[in-house]
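Here the structure is laid out as structure tokens; the discussion comes afterwards.
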Amino acid sequence: MSIALYRIDDRLIHGQVVVGWGKPLNVAFIVLVDDAVRASAWEQELYRMGVPSEIEVVFASTEEALERLTEWERDPRVGILVAGDIDTLAALTVNRHPVSRVNVGGLHHRPGRSERLRYVYLSDAEASQLRTLAARGVEVTAQDVPTTPPVPLEDFT
Amino acid sequence: MSEPLRGVIVSHAAVAQALLAAVAAITGVHDALVPVSNDGCDTGALAERLTRAIDDKPAVLFVDLPGGSCLTSSVRLARGKANVAVVTGVNLAMLLDFVFHRDLPPGDAARRAAEAGSRAIRTPAA
């Protein structure tokens, strides 16, 4: 089945990922791509606490994710890959990597960002980054939980 | 006597506000608890809300789930601070016990609240 969801969410692993998406997708593993978390055993333990023991959690740096993406894509189990920002996920879509769909699940208010959806705040540069991703052939939609309809990129950028 | 502990309820949506209202309705105590919702927050914004709620006072953070953004932000904030403790799985029973035992050190108050909350989970015959 491989990775069923590539998600951008600044909260990383949390309830919407583990329960909201994880239950209906019957997820067996979650890949968290974040350089800072990858470097901290303490942070990893914190994120692991929110995940049932039957779900494997893999912590990867961006570089490691680039190396292992094909392996995860070939995994017979269902997985979710989560990154905390657009840069990280965009880095995984370059060259040979077959990321065809990206889910914007939560980017919250910060200085320089404006509200695009209740759970998506973007700067103009970030909106442009997402449009560039789409121009590269990646389907980009926003959707916080699977019970809501996906919002097309043009409706929030 | 030192200042009584502050309880900060950290939750998704409006759970914290609802628990605070229930505690006030049952006990008449209005000044022991502060609600914090993670609604609309990334980790930085939630940390700011928590910092404001704690206000440099000794506190116990009552978190709704044993994982997720409420927990990660709370544990990060409490890390290395002897005057802030964290309990997960907040329920009404633990808060009712807590508001009458705010003279304990934060770690002891957290353990006591966790025990009170656990005792309230039962499956009575119907």
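The values are calculated or read from the model by the stated rules, or taken from the named source; none is laboratory data. Here the structure is a predicted model, which is why all the values come from computation and not from measurement. Every residue, glycine among them, receives a Cβ derived from its backbone with ideal geometry; neighbour counts consider all protein chains shown. Keep in mind that these areas ignore ligands, DNA and RNA; they rest on the heavy atoms of the full protein, side chains included. Shrake-Rupley method; radii C 1.70, N 1.55, O 1.52, S 1.80 Å.
So how do A:17-27, B:24-34 stack up, highest first, on mean other-Cβ count within 10 Å?
Details: A:17-27: 17.9, B:24-34: 14.0.
Taking the mean over residues of other Cβ atoms within 10 Å, the ranking is A:17-27, B:24-34.
Nearest 0.05, what FRET efficiency do B:Glu3 and A:Ala125 give at R0 = 41 Å with Cβ-Cβ as r? It would help to have the intermediate numbers written out before the result.
Details: r = 46 Å, r/R0 = 1.13.
My answer for the efficiency is 0.35.
As a test of the definition: with a 1.4 Å probe, what buried accessible area, both sides summed, do you compute for A against B, in Å² to the nearest 100? It would help to have the intermediate numbers written out before the result.
Details: alone 7840 and 6820 Å², together 13410 Å².
Roughly 1200 Å² of accessible surface disappears when A and B pair.
Please list the equivalent ellipsoid semi-axes of chain B, computed as the square roots of five times the alpha-carbon gyration tensor eigenvalues, in descending order and whole angstrom.
Numbers: eigenvalues 88, 62, 39 Å².
Square roots of five times the eigenvalues give 21, 18, 14 Å.
With every protein chain in place, what's the accessible area of A:Thr132 (1.4 Å probe, Å², nearest 10)?
Here the residue's solvent-accessible area equals roughly 70 Å².
Just counting partner chain Cβ atoms within 10 Å, what average do the residues of peptide A:5-15 show around their Cβ?
4
Probe of 1.4 angstrom, ligands and nucleic acids ignored: what's the accessible area per residue over region A:2-155, in square angstrom?
Details: 7050 Å² over 154 residues.
Computed with neighbouring chains in place, this is 46 Å² per residue.
Which order do the peptides A:2-12, A:62-72, B:108-118 take when ranked by the mean count of other beta-carbon atoms within 10 Å per residue, highest first?
On the way: A:2-12: 22.1, A:62-72: 15.5, B:108-118: 18.4.
Going from most to least packed, we get A:2-12, B:108-118, A:62-72.
Using a 1.4 angstrom probe and counting only protein chains, how large is the accessible area of B:His12 in Å², to 10?
Only protein atoms counted, so the area is about 50 Å².
At a 1.4 Å probe radius, which order do A:Met49, B:Met94 fall into by accessible area, largest first?
Working: A:Met49 95, B:Met94 5 Å².
The ordering from most to least exposed comes out as A:Met49, B:Met94.
Which net charge results when you count Lys and Arg as +1 and Asp and Glu as -1 among the other residues whose beta-carbon is under 13 Å from that of A:Leu12?
On the way: positive: A:Arg7, A:Arg11, A:Arg38, A:Arg48, B:Arg76; negative: A:Asp9, A:Asp10, A:Asp34, A:Asp35, A:Glu43, A:Asp85, B:Asp42.
Neighbourhood net charge equals -2.
Provide the net charge surrounding B:Cys41, with neighbours chosen by a C-beta distance below 10 Å and charges set as Lys +1, Arg +1, Asp -1, Glu -1. Don't jump to the answer; show the numbers that get you there.
Details: positive: A:Arg11, B:Arg49; negative: A:Asp10, B:Asp39, B:Asp42, B:Glu48.
Around B:Cys41, the charge tally is -2.
Compare each residue of region A:41-86 in its chain alone against the assembly with all protein chains, and report those whose accessible area goes down by 20 Å² or more; 1.4 Å probe, heavy atoms.
Listed by number, the residues meeting the 20 Å² cut-off are A:Trp42, A:Glu43, A:Leu46, A:Tyr47, A:Met49, A:Gly50.
Do any residues of region A:104-128 lose at least 30 Å² of accessible area when the full set of protein chains is present rather than just their chain alone, and if so which, with a 1.4 Å probe?
Buried by the other chains: A:His108.
Work out, in µm²/s and without decimals, the Stokes-Einstein translational diffusion coefficient of region A:78-121 at 25 °C, 0.890 mPa s, Rh from Kirkwood over C-alpha pairs. Each step should come with its number before you reach the end.
Values: Rh = 12.0 Å.
Diffusion coefficient, whole number: 204 µm²/s.
On the protein heavy atoms, probe 1.4 angstrom, tell me the percent of accessible surface of region B:7-67 carried by carbon and sulfur.
On the way: 1480 of 2550 Å².
After summing per-atom areas, the C and S share lands at 58 percent.
If you roll a 1.4 Å probe over the heavy atoms of the protein chains, what accessible area per residue do you get for region B:75-126, in Å²? Display every interim value, and only then the final one.
Values: 3090 Å² over 52 residues.
Dividing the accessible area of region B:75-126 by its residue count gives 59 Å².
Taking the Cα atoms of the protein assembly as shown, report the difference between the largest and smallest coordinate on each principal axis, in whole Å and largest first.
Dimensions of the protein assembly as shown along the principal axes of its Cα atoms: 65, 41, 41 Å.
If N is the number of residues in region A:2-155, what value comes out of its Cα radius of gyration divided by 2.2 N^0.38 Å?
Numbers: Rg = 14.6 Å, N = 154, 2.2 N^0.38 = 14.9 Å.
Dividing the Cα Rg of region A:2-155 by 2.2 N^0.38 Å gives 0.98.
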